[in-house]
Structure formats: C-alpha cells, structure tokens
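Chemist: The structure that follows is given in the form of structure tokens.
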Amino acid sequence: MRPDIVYTLWKKEARRQLANRGGAAMIALLIAAAVLLGIFSRPAVQTGAANYLGGVHHCFIDYPDYQRFAIGDDRLPRWIAHLRANVPPELAQQLVFRPYIPELLAQRIRTEETIGFEIGTGAIQIMPENPSAGVASAYVVAFRHPGDRTVLAHYEAWFIRESRRFFEREAGLTPSTPDGNAINPTDDIWLIQSAHAHFRDRVNGPDSSNGPVPAIEFLRGRVRLKTLDSVSLIAMAMNLFAMFFFCVYLMPSLTSEERERGLLLQQALTPAAAGDLFLGKLLFYQPAAMLLAALLTLCYDARVLTVPFYWYTVWTVSMGFTGIGVVISCLARTQRGASMGAMCYLLAVSLILVICQALNIPGLPYLAMEFYGPRLLQAAISRQIELYHWRELVGAVLMATVWVTTAIVMFRRRSRD
Amino acid sequence: MPAIDLEALTVRYGEFVAVESLTLQVRRGELFGLLGPNGAGKSTTIRVLIGQRRPAGGRVRILGYDLQQQWDTIKPLFGYMPDRENHFDEFTGRQNLRFFADLYRLPAPAARVDECLRAVELDEAADVKVGGYSMGMRRKLMLARTLLHDPPVLYLDEPTANLDVHSVEVVHRILRKRVAAGKTVLLTTHDMDEVEAICDRVGILCRGKLIALDTPLNLRRSHEARLVDVALTDGSRQTLDLDQPAHREALAGLVASGQVADMKTRHFDFHAAFLKLTGTEFD
C-alpha cells in the first residue's frame, strides 16, 4: 500500500461524489427526513410485536442454568428434560430452550424485564422461588407474550399440560394423556394458579408442602419490546438505507462505470496496484456511509452517538455492505448491470429472509448481513442492548469479514481483466 | 535491443485464434504503424502489450523486460491511449491530468500537467469540465494523459480519429518529436495517408497473421497499381493499366489520335493493395 496513491484515489472518489447531484439530493433528503423525525418524534410508543407479525415465531423456555450454577434440587433438570422430550412436532421449530444466569433470571422475572426479546417472540420463564435453598419447594413461572396474550396460548397449554404430566410421574401416578385434563390457558392467570393449587393438594395429600408437586406462582405479562417503537424503527431503517445506498448502490455503480469506460484499467496501468484501488474505494465509501448514518442519528437522537455499540454496529454493517458492493461491482460489467445487481441482491436477500422466517428455516438467515443489520441497529438506536446482541454482533463481524475477503479476492482477479 | 519484441505470440479466445505466431520487433526510436481490418488481431496484440490478455504462447519483451515476469517494472515504461475516450466528465481537463499525474507520482505534477496541456493545445480549455469538450478535444486530452509520465514506449489506438486537420498535424508533430528523442511509438490506424506521413515502418495484420512488414515507401512501391484515368474528347472515360502491354498500346493510340482530353495517374490505393495482399476488403 502506498499512502500517497491511496490518498489520490480517495480524493478522486470524494470529488466524484461531490459532483454527483443525484447522490447529493438523496443525502439531503435523508438528512431532511432525519431532522423531521428528530423534531416531531414523540416518546417511544410500544407496539405489540403480534401486531406486526400476527403471532410469535419463537417461544423461549428460560430456565436457570443448573449445569453451571448450583441451584435448587434435581427436580428442575428432570422437569426441563421432560419438557424437552415432549415437545410436539408442530412446535419443534418454535420452542427454544435457553439456560440463563439464575440471579439475572430471577431479577428479571420479578422486575418484569425481558431477557432480549425480538419482534414476534415470547417466553415462558421458570425460576425456583429460593434459588440457593437445597430443596426448591416453590417456583415462579412467568408467561411473557408480545402484546397479545392469545398468541402464546398454544405454548402455555403445552407447558401446563407437560408440567402436570411430569409432576404426576414424579408422584408415581399414571400421567394423564397429552390432550386430557389441560387448563384453558386463555383463562385469567388466577384460574391457572388455583387449578395448580388444587392439583398440588390432590397429589401431595394432607402434607402439601412436602409432596412431589411444588407450589408454583404463575405470572403473566407482556414482554417489553421497547425496541419496537415506530420512530426508532424509521431511524433504524434510514441508517440502514444510508449505508446500503452508499456502499451497495453508489459504489458499485460508479466503479462499474469506470470499468465500462476503461477508466479503471487506465488507473490500473499507473503504479497504483489493485490493492491501492481497492483501499481507495474502501476508505472512502465505508467511512462516508458511517458518517451519513451518524449524521442521520445525530438529527434523530444525539444521545445514541454516545453508545459504543452503535459505532461497532455501524462500522461492521458498513464494512459488510462495502464488501457486498465491491463484489457486485466485480460481477457487473456495466453501470446498468451494477444498479440492477444491487436491486436484485436486495430483493433476493429480503425474500430469502422472509421465507426463512415464514417457514422456520434455521441457520440460513445467519449468513445475511441484512439479518444482523436491522437487529443490531435497532438495539443500538433504542439503547436496548442485550447479551444476545453482542453475540449477533460477532456473527455480523464474521459475515463482514467474509464479504470483504471475497471482495478483495474478486477485485484482484478482475483488475487483471 | 528492440523496444517491443514479440516472439511467436499466440492469443486464443477459446477455440478462436486471434493472433497466431506473431513475431515482430519494433526498434527503439521507431514509429511503427500496425494496420489491419477489424478482427485482424491489432487490438488483441495491444491488449497483450498492456497486460490485459495473457498469451496462449510465445514471449513478449518490452525494453528487454519480460512481460509476464516483470510486469511491475514494465508498467511505468509505457503509455496507452485507447480508441474510446475515457475521462472523468465531471472533472476539468486539468483535474483529469492532475489525478493521473499524482498516480504516477510525478515530482512536479502541476508543471507537467501544464506542459502536456500546452503540447496538445488545450491550455485554454484546461479549466473547463471535460463534459463540455468536443470529441477532438477529448482525444487530445487522452494523448496528453498518455504523455504525462514521459514513457519511453507509447501504444496509441487510432490517435487521430475524430480530429480536424490542424489537430492531426499537432498530434503528428508531437509523435515525430518523441521519436526524434529516441522514444518508441506503436500506433494502430486505418489511415494509410497517416501511415505514410509519420510511420517509419508498417506491419499489416490479417486474421491474426502478419502478412506484410516494411516501410510505407517500399509497401507503396511493391503494391502500387500503375493505373491511368483517361478522359476522352467525346466525354467517355477509360482506366488503363500501364503494366499490361495491350493497355499501353491503347493509350499510345489514343494520344496519337488526339482523342485524349485529360489524363491522370492514380495515387497509391491502399484498399486495392490490401485486397491484393489478403484477398479481403479492408474494413
């Protein structure tokens, strides 16, 4: 890498963008929209995820991580094992068992906080009443729905039914059939509570407190999806669009124009190496995309810029998008082809993500930058960053690395053509 | 040592052989014209010389350096002017040249840019955006860009296409001056008059093969058709070939009988010569 040559190439990109009236108009429009959003936005209005998606696509079974932490008695592992073993096929893709740090889970159950709920998810959280005691005589079970409690009904029914069968088996009774003797989960929570108390008295006998069926306090509430306020959703979308516009649309479009007209070749015939040409583009478009995203966020809510997670996210997503942009510009022979490529890429990835979500296809979404981008940006902009967001950030960094590496390889190959 | 040394160069596009065993040496300080119809292999040869096409066989050496092995050494030693204009339209002529001058890491880029703009007579339009340039101005700006780093070897693809007579003279003068200074120029053109005016030697390519290699004068001598166009007093016209005895006798008879109103010998007809050499129309 020769810094003076890279700087010359960087200046060229900057000058071309300054002279690009269409690009300047789009940037001005985005900034105007962000200013409007910042001025007129109301405090975040929570919207139920069910309203967006019409149900839950995943229901988490949160339980204290008994394998890492000494907690309760051996009934909890058996209970969880029973639940795992009796997941009906129709819920196999939706139910996700999630071990958690006991103190954190207990605290969050009581304070009605979420552990990191995404759009269209709910949870059933199980916690011993007194985690440090040798025998857990009582449990707390919280049903967390995303705004409409009926969307979790099927999961609640399964949980109550299977828990009852487990305790019956613990008591040496013949478990009821899967479909029988279930409590209607749409009833009020006190009905579930009293039905369990009745069941416990019946199975445990006179000395109810020492029997195989523990006391369970049932709670029900909505998950706190603060991230779903529509204003921050728009801000997130603008951030994402700004980066996509710079890195996946503008950059391939102008690079392919240079290739189509022989200008890229003319530059490659100077002492500038393929690596210099690549760096000249990367060092302009990626920071420019970050800058525009930050500018939009500044207009919307300046406090977000103080969140380090926001910067990590914007850096990662813009880097990944730059990689995608370079790959498109390497594949497209003409400027028109690059524009079409960017559009087709966006449509294809969006469709794949929708299909994966609709059909519960596991794994595939994790290969798309567009899977991570909205989630991470939403978390950063709404300042609701959970542990799993950091895991997703790692995934995003990996994908960005894959794209940039692919871009370097392809750019070097194409520079010889 | 030749400036450009092609030895049994073969280039293929799949099954199609674009250049077949081309052996050619262009000397230092020579202005060499490469001629041929479309698809003859001229552009492919240039693409090999600028490193854009890997040869299927043979060897290429530029100023003694092997093209395959020493590409990074060769890159700054040549300038390339393509047949299609390619500038940043949103930049001025000066900004375009300055960008490339900086890429070439010239020691005094501003002065060199001014010098090149003056050389192609674009100094007055230097600060006008290239989007407002005429085709001729764009081509002259390309030549200026090619000269920026003062390379010892120039590859020019139809450098005078779309230029007016004066601009053609400017380009010819620049090229002759460079050749006089010991630099080498390889140009492709369709214009035989241009070849005769400035080239030291000419190579004619047809279907990937070199079919003629000589000076323009020798080429003219060996392939010139000695035709005479005769206008008769009765208004009719005849074309007579002086190489044929019957035509010579007919011409003598016409002159003796006083039937000739006007008579003129034909100029060298490159197209006819080309047809004679290749059996193909020059495209």
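Chemist: Can you tell me which residue within the range A:5-22, out of those that are facing another protein chain (nearest Cβ under 8 Å) and closer than 14 Å to A:Phe246 by Cβ, is surrounded by the most Cβ atoms within 10 Å (Cβ to Cβ)?
Modeler: A:Arg16
Chemist: Another question, if that's okay. Picking from B:Leu22, B:Leu35, B:Leu97, B:Leu31, which residue would you name as being at pLDDT below 90 and touching a helix residue (DSSP H, G or I) at 6+ places or on another chain (Cβ under 7 Å)?
Modeler: Just one listed residue meets the conditions, B:Leu35.
Chemist: Within the range A:53-75, does at least one residue satisfy the condition of being modelled with pLDDT of 80 or more, over 30 Å from B:Lys129 (Cα atoms) and either within 14 Å of another protein chain (Cβ to nearest Cβ) or not in a strand (DSSP E or B) (or both)?
Modeler: Within the range A:53-75, one or more residues are modelled with pLDDT of 80 or more, over 30 Å from B:Lys129 (Cα atoms) and either within 14 Å of another protein chain (Cβ to nearest Cβ) or not in a strand (DSSP E or B) (or both).
Chemist: Hey, another quick one. Let me confirm something: among B:Asp193, B:Asp269, B:Asp283, which residue is modelled with pLDDT under 80, under 30 Å from B:Glu15 (Cα atoms), within 22 Å of the chain's Cα centre (by Cα) and of a type in the set (Asp, Glu)?
Modeler: Of B:Asp193, B:Asp269, B:Asp283, the one residue that is modelled with pLDDT under 80, under 30 Å from B:Glu15 (Cα atoms), within 22 Å of the chain's Cα centre (by Cα) and of a type in the set (Asp, Glu) is B:Asp283.
Chemist: Which of (1) under 15 Å from the mean Cα position of the chain (by Cα); (2) part of a helix (DSSP H, G or I); (3) at pLDDT below 90; (4) of a type in the set (Val, Ile, Thr) is the odd one out, the single condition A:Val394 does not satisfy?
Modeler: Single failed check for A:Val394: (3).
Chemist: Taking A:Met251, is it under 30 Å from B:Met81 (Cβ atoms) and away from every other protein chain (no Cβ under 14 Å)? If you could, list the steps in order and put the result at the bottom.
Modeler: Working: under 30 Å from B:Met81 (Cβ atoms): yes; away from every other protein chain (no Cβ under 14 Å): yes.
Yes.
Chemist: Next question, about the same structure. In the range A:76-97, what count of residues is obtained for those that are surrounded by 17 or more Cβ atoms within 10 Å (Cβ to Cβ) and part of a strand (DSSP E or B)?
Modeler: In the first step, residues of the range A:76-97 are kept if they are surrounded by 17 or more Cβ atoms within 10 Å (Cβ to Cβ); the result is A:76, A:79-80, A:82-83, A:94-95.
Narrowing further to those that are part of a strand (DSSP E or B): A:95.
Of the residues in the range A:76-97, 1 are surrounded by 17 or more Cβ atoms within 10 Å (Cβ to Cβ) and part of a strand (DSSP E or B).
Chemist: Got a number for residues in the range B:121-146 being surrounded by 21 or more Cβ atoms within 10 Å (Cβ to Cβ) and small (Gly, Ala, Ser)?
Modeler: 1
Chemist: Answer yes if at least one residue in the range B:114-126 is within 14 Å of chain A (Cβ to nearest Cβ), touching a helix residue (DSSP H, G or I) at 6+ places or on another chain (Cβ under 8 Å) and not basic (Lys, Arg), and no otherwise.
Modeler: No, the range B:114-126 contains no residue that is within 14 Å of chain A (Cβ to nearest Cβ), touching a helix residue (DSSP H, G or I) at 6+ places or on another chain (Cβ under 8 Å) and not basic (Lys, Arg).
Chemist: Every residue in the range B:29-59 that is over 19 Å from the mean Cα position of the chain (by Cα) and under 23 Å from B:Leu147 (Cβ atoms), please. So that I can check it myself, show each step before the final result.
Modeler: Going through the range B:29-59, the residues over 19 Å from the mean Cα position of the chain (by Cα) turn out to be B:51-59.
B:Gly51, B:Gln52, listed by residue number.
Let's see how each residue does on (1) aliphatic (A, V, I, L, M); (2) over 28 Å from B:Asn162 (Cα atoms); (3) within 12 Å of chain A (Cβ to nearest Cβ); (4) surrounded by fewer than 20 Cβ atoms within 10 Å (Cβ to Cβ):
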{"position": "B:Leu49", "(1), (2), (3), (4)": "yes, no, yes, no"}
{"position": "B:Arg53", "(1), (2), (3), (4)": "no, no, yes, no"}
{"position": "B:Ala56", "(1), (2), (3), (4)": "yes, yes, no, yes"}
{"position": "B:Tyr65", "(1), (2), (3), (4)": "no, yes, no, yes"}
{"position": "B:Ile74", "(1), (2), (3), (4)": "yes, yes, yes, no"}
{"position": "B:Gly79", "(1), (2), (3), (4)": "no, no, yes, no"}
{"position": "B:Asp83", "(1), (2), (3), (4)": "no, no, yes, yes"}
{"position": "B:His87", "(1), (2), (3), (4)": "no, no, yes, no"}
{"position": "B:Phe91", "(1), (2), (3), (4)": "no, no, yes, yes"}
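Chemist: Continuing with the same structure: Is it the case that some residue within the range A:353-364 is under 22 Å from A:Leu393 (Cα atoms) and modelled with pLDDT of 90 or more?
Modeler: Within the range A:353-364, none of the residues are under 22 Å from A:Leu393 (Cα atoms) and modelled with pLDDT of 90 or more.
The values are calculated or read from the model by the stated rules, or taken from the named source; none is laboratory data. Keep in mind that this is a model prediction, so the values were computed, not measured. A quick note on method: Cβ atoms are made from the backbone with ideal geometry, for glycine too, and the neighbour counts reach across all protein chains shown.
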